[in-house]
Amino acid sequence: MGLLGKLFGKKKEKEKKQSMDMSVGISFDENHNVSISSSDVGVSTGSTAKDFYVYAWFIKETGETFYVGKGRKDRYKEFHERAYEAEKIRNMYDTGVRFVGEGLTEDEAIALETQEMTRILNETNDRLTNRIIPLLTNRDNGYDRSPGTPALQFEKAPCLYPSEIEEHYFGIKHRSFDGVVYENLKNVVFIDRNMRDEIDVIYGGNLDKYISETKTLLLSNKSKIMKSKYAKSITAWIYIGDDYVTNYESDQDQALEKLGRNIPTYHLIDVWLLLKEKYGEVEVAVTEELSINPVHNRVALNKIKNSNDSHKGFAEGMPYWEKGDRERKDGNIERAIELFDKARYNGYDAPVLYDSYAMAYRKLKDYDNEIAILDEAIDRLNIDGAKLIKFKERREKALALKAKK
């Protein structure tokens, strides 16, 4: 399924064709997280010049286009610092440039750039390395798992995978996780980076069960769960999801530099299976819920402004969160919470707001409010993967601290 289908579910072909005139873009950050833009792919600088052009870099031997851009003057010749994969291709292959259009205004160049990307992704098999591409295309750019990566399966460890770009242009192959050695489970850290659609497939929508059972078995057999993957005593990394093989290799390079050794790398499913085979079924202790009685000035969710307009909520609420987080870092916790309340009231609902709330309440040792605000975040926000896990872990810690208090 293409990226459009992954984000919004399948659309009828007629609806998709009717939507092709929409100017919608999609972008990826350095961790390959996705965000949607309502504008064309290009970003306007406000220039009034009429000497813009749209260019495409291609591999001479195969004719494959691997990057499309807009520019002026010598832009097509220059090193593109943020286009890492494209520059790597230029370094490895004999490449050329073709001009799609010249003598354009900036707006015309942006529109043509979007049109050319759409044409390539709809009419060819070329793998574009652009990290921002038009949304309504028949296929994505080349940053998804490569076609050669084994399919995800229930209760089976996935592979560390290359992107389609990495496999096609650079010959990088997927890598299996290490086979679990029980003796290496003494001091472990859980890796929850880049958890996405694989979670539902691997864990059947019940990730909490596998994490809690694995942690219970580890802790009951005197293993330690560490916070840093580069702790001196670390004996294994346990991945919850999957990741790019290049990220794994980078982490191992850092381990070699910091610790003088590589770290055995396991997947949670394999660890869970080994521990279950060794110790049998595990009964996870159910913690008795404490009575939570938060006292606060937050308005009820149904009284929040801009609840149906996320853009307006972001614009009106984010400045309060920014001011509040500065106050929190300066130690002015009560003032910070007042500003967080204003951010929330105006419709700001980013996970970072709830992170800041929780840290502020923890500083005050107000565990009732910390637990309450985390419960709201878990119920209100459409989050999963690493962020959801961290919220739940923080809630468990707050409960333990409240019980101790």
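No value in this document is a laboratory result; all are computed from the given coordinates. The shown structure was predicted, so the numbers you read here are calculated from the model rather than taken from an experiment. Here Cβ is always computed from backbone atoms with ideal geometry, including for glycine, and neighbour counts include all displayed protein chains.
Each label was represented as a point 7 Å from its Cα along the Cα-to-Cβ direction; for Asp200 and Asp51 these points are 5.1 nm apart. Here the Karplus relation 6.51 cos²θ - 1.76 cosθ + 1.60, evaluated at θ = phi - 60°, turns the backbone of the stretch 52-61 into coupling constants of 6, 9, 10, 10, 9, 8, 9, 8, 5, 5 Hz, with x for every Gly and Pro. Candidate values (1) 4, 17, 23, 25, 20, 8, 2, 0; (2) 4, 18, 25, 23, 15, 9, 4, 1, 0; (3) 4, 20, 29, 29, 15, 2, 0 were compared with P(r) over Cα pairs in 10 Å bins from 0, in percent computed on the shown model; the agreeing label is (1).
Counted by neighbouring Cβ atoms within 10 Å, the residues Thr48, Thr65 run from fewest to most as Thr48, Thr65. Each of Lys405, Lys173 was scored by other Cβ atoms within 10 Å of its Cβ. Arranged with the fewest first, they read Lys405, Lys173. What the phi angles of the stretch 371-381 give under the Karplus curve with 6.51, -1.76 and 1.60, with θ = phi - 60°, is a coupling list of 5, 5, 6, 5, 4, 4, 4, 5, 7, 8, 8 Hz, glycine and proline written as x.
Using a 7 Å offset from Cα along Cα-Cβ at Lys186, what residues in the stretch 197-240 end up with backbone N under 16 Å from the label point? It comes to 219, 221-226, 231-237, nothing else. Put a plus charge on the Cβ of each Lys and Arg, a minus charge on the Cβ of each Asp and Glu, and nothing anywhere else: the dipole of the chain about its Cα centre is then about 1040 debye.
For His311, the shell of other residues with beta-carbons less than 15 Å away shows a net charge of -1, using +1 for Lys and Arg and -1 for Asp and Glu.
Working ranking of peptides 259-266, 377-384 by packing, defined as the average number of other Cβ atoms within 10 Å per residue, highest first, is 259-266, 377-384. The HN-Hα couplings worked out from phi for the stretch 235-252 by the Karplus form 6.51 cos²θ - 1.76 cosθ + 1.60 (θ = phi - 60°) are 10, 6, 9, 10, 7, 8, x, 9, 6, 5, 4, 5, 5, 4, 5, 5, 4, 5 Hz, whole numbers, x standing for Gly and Pro.
Each peptide among 156-166, 219-229 gets the average number of other Cβ atoms lying within 10 Å of its residues, and from highest to lowest they stand as 156-166, 219-229. Compute the helix-to-body angle for 333-345: its Cα long axis versus the longest principal axis of the chain, expressed 0 to 90° and rounded to tens. Tilt relative to the chain: about 50 degrees. In the stretch 285-390, a dipole from Cβ-located charges (positive for Lys and Arg, negative for Asp and Glu) runs towards its positive end, and of Ala386, Ala372, Ala336 it is Ala336 whose Cα lies farthest in that direction. With the helix formula -39500 (n - 2.57) applied to DSSP H stretches of n ≥ 4, the chain reaches a computed 222 nm mean residue ellipticity of -13500 deg cm²/dmol. For the pair Ile292 and Ser212, a Förster radius of 22 Å applied to the C-beta separation gives a FRET efficiency near 0.60, rounded to the nearest 0.05.
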